[in-house]
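Below is one structure; the comments refer to it alone.
The values are calculated or read from the model by the stated rules, or taken from the named source; none is laboratory data. As the structure is a computational prediction, the values presented were derived from the model and not from experiment. Note that we place each Cβ from the backbone using ideal geometry, even for glycine, and neighbour counts take in every protein chain shown. Accessible surface is based on the protein model in full, side chains and every heavy atom, while ligands, DNA and RNA are left aside. Shrake-Rupley method; radii C 1.70, N 1.55, O 1.52, S 1.80 Å.
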Amino acid sequence: MSKTNFEAYLEAQLQDPAVKAEFDAYGAHIRSVQVLMAYFDARSDDLGMNKTDIARQLNLQPSNVRRWFTGQKQNPSFASMVELANCLDLEIKLVPKNSTQSTKLAEDSARNSQLQVS
């Protein structure tokens, strides 16, 4: 099967390392949002909440909330995701991707908590 014009154009553009890096980073961003929204969707099911219930709690139009979950507008702001997490009785925690960073942060946190002011 032959490539579409877009597929050929994209393939040519991705030969540039800078374009490929940006393309890959944006793809990772999209996948992260999709994972979060899938988790929020599963959590709302567990709680027996439909999209209208969520919209009511967040003072939003149900159609706006449905778009978050259907992918039509699956790029809610971080503030919106925090509000959604709160609505679903979830806590957002940020952790380093790298275990070395995680260990260093834990050590720094422990060291800082032992500091005393005289």
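What is the gain in length, in nm to one decimal, between residue 22 and residue 47 on full extension, counting 0.36 nm per residue of separation less the C-alpha to C-alpha distance?
5.2 nm
Below 12 angstrom from the Cβ of residue 13, what's the summed charge of the other residues (Lys, Arg +1; Asp, Glu -1)? Before the final figure, lay out each step's value.
Values: positive: 20; negative: 7, 11, 16, 22.
Taking every other residue near residue 13 into account, the sum is -3.
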- [ ] Run the 1.4 Å probe and let me know the accessible area of residue 82, rounded to the nearest 10 Å².
- [x] 50 Å²
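When the solvent-accessible surface of protein heavy atoms is calculated with a 1.4 angstrom probe, in what order do 37, 49 fall, highest first? Numbers along the way, then the final one.
Details: 37 5, 49 25 Å².
The ordering from most to least exposed comes out as 49, 37.
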TODO: For 52, 70, write out the residues from largest to smallest accessible area, computed with a 1.4 angstrom probe and no ligands counted.
DONE: 70, 52
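Just to make sure I understand: if all protein chains stay in place, what is the order of 91, 7 by accessible area at 1.4 Å, largest first?
In descending accessible area the options line up as 91, 7.
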TODO: Among 15, 4, 64, pick out the residue whose Cα is farthest towards the positive end of the charge dipole of segment 1-67, where Lys and Arg carry +1 and Asp and Glu carry -1 on C-beta, about the Cα centre.
DONE: 64
Open item on the list: Just to be sure I understand the model, the point goes 7 Å from the Cα along the line to the Cβ. What's the resulting residue 7 to residue 31 distance in nm?
Closed with: 2.1 nm
